[in-house]
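The values are calculated or read from the model by the stated rules, or taken from the named source; none is laboratory data. Note that this is a predicted model, so its numbers are computed, not measured. Virtual Cβ from ideal backbone geometry, glycine too; neighbours counted across all protein chains shown.
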Amino acid sequence: MSNRLLPDPLPRCRRHGRMRLRPPGTREQEFCGVWYRCAAPECAATVLVASAGLRAQLAAQSQACEAGR
Ligand SMILES: [Zn+2]
């Protein structure tokens, strides 16, 4: 099983509640984090829970922006 840290509480669709884990399609998607999709088939709601790697990259970028001011 995956040892990735899962969010707690799990994300929920505002209208339908329960969401399902969606397996990543590409390495890039896997790097970005974990996608959840609403369990209702007619609903297109998705939630991205950013991975530690993505958050670190975004933090480094915003620090670089502020340093450039
Ligand atoms: Zn939904």
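When segment 14-32 is examined, which residues are found to be under 17 Å from ALA52 (Cα atoms) and of a type in the set (D, E, K, R)? Across segment 14-32, the qualifying residues are ARG27, GLU28, GLU30.
The single condition from (1) exposed (fewer than 13 other Cβ atoms within 10 Å of the Cβ); (2) at pLDDT 90 or above that TYR36 fails is (1).
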